[in-house]
Amino acid sequence: MLYKLTDHLREELKKPLGLLVKKGKETDYIKKNLLNKDFVITVGDKTTESFVMAGGKPKLEIVDLKEKRLRREKTATAAEEIIKIKNDPGTISDEAIEAIKNSLNSPKRVRIEIEGEEDLLGIPCIIYAPEGSYVLYGQPDEGLVIVRVDRNMKNKANAILLSMEKVQN
């Protein structure tokens, strides 16, 4: 199964799912509020790099080695294991969901490198991450979004996933 973004959802997802930390203030916020957290998931190259460069060690990093669709040579990492998968732009693949679930249950710090695009993968991260964990992702040209995972957030992310167009692959 493949979950595909609809035009309606594209508009809805332009609103941050959590707290928006304004561009330029991300590193200070991370250092003050997130470095002492045990379970942090970073989605996006810039987000992952900002967190790692500030001294953080994400439980899970999801990157596509691109920033605003431009190729990056590499992104700072704290991972002990790297998994490579495919996830087309504007979609959430079953392969990505399985990789996220497996990575969250791994005793190692894992990096998932996406061939395609990682933009929507914060949604399954919120669904499958333990309550009390944090999912970080970038809001283009605005800053960093911090989602504290709780039952309400899991329900909201699940509703988003279920409202996506389902396509057999």
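The values are calculated or read from the model by the stated rules, or taken from the named source; none is laboratory data. These figures come from a predicted structure and were not determined experimentally. As a convention, Cβ positions derive from the backbone with ideal geometry for all residues, glycine included, and neighbour counts pool all protein chains shown.
Once segment 88-118 is narrowed to residues that are part of a loop (DSSP other than H, G, I, E, B) and in contact with a strand residue (DSSP E or B) (Cβ under 9 Å, 6 or more places away or on another chain), the residue that is nearest to PHE39 (Cα to Cα) is ARG109. Every condition in (1) assigned to a strand (DSSP E or B); (2) surrounded by fewer than 21 Cβ atoms within 10 Å (Cβ to Cβ); (3) of a type in the set (A, V, I, L, M) is met by VAL147 except one, and the failing one is (2).
Report yes if GLU49 is crowded, with 16+ Cβ neighbours inside 10 Å, in contact with a helix residue (DSSP H, G or I) (Cβ under 7 Å, 6 or more places away or on another chain) and at pLDDT below 95, otherwise no. Criteria not met by GLU49.
Filtered by the rule that a residue be in contact with a Pro (Cβ under 6 Å, 6 or more places away or on another chain) and closer than 19 Å to THR91 by Cα, segment 133-163 gives a lone residue, GLN139.
Among (1) at pLDDT 95 or above; (2) not in a strand (DSSP E or B), where does ALA76 come up short? All conditions are met except number (1).
A Cβ distance below 7 Å, combined with a sequence gap of six or more or placement on separate chains, defines the contacts here; from segment 50-61, residues that are β-branched (Val, Ile, Thr) reach no residue that is outside any loop (DSSP other than H, G, I, E, B). Residues in segment 1-21 that are under 18 Å from the mean Cα position of the chain (by Cα) and not aliphatic (A, V, I, L, M): 8 in all.
Looking at LYS57, LYS32, LYS4, just one residue is at pLDDT 95 or above and loosely packed, with under 13 Cβ neighbours inside 10 Å, and that residue is LYS32.
Test GLU81 against the stated conditions and say whether it is modelled with pLDDT under 95 and within 30 Å of LYS31 (Cβ to Cβ).
On the way: modelled with pLDDT under 95: no; within 30 Å of LYS31 (Cβ to Cβ): yes.
No.
Taking the criterion of being within 14 Å of LEU120 (Cα to Cα) and touching a helix residue (DSSP H, G or I) at 6+ places or on another chain (Cβ under 8 Å), the residues of segment 13-46 that qualify are LEU13, LEU17, ILE41, THR42, VAL43.
From the list GLU12, GLU26, pick out the single residue that is charged (D, E, K, R), buried (at least 20 other Cβ atoms within 10 Å of the Cβ) and farther than 22 Å from LEU104 by Cα. Step through it out loud before you land on a result.
Values: GLU12 fails: buried (at least 20 other Cβ atoms within 10 Å of the Cβ).
Every option except GLU26 fails the conditions.
Looking across segment 150-169, the residues that are among the polar types (S, T, N, Q) and part of a helix (DSSP H, G or I) come down to ASN152, ASN155, ASN158, SER163.
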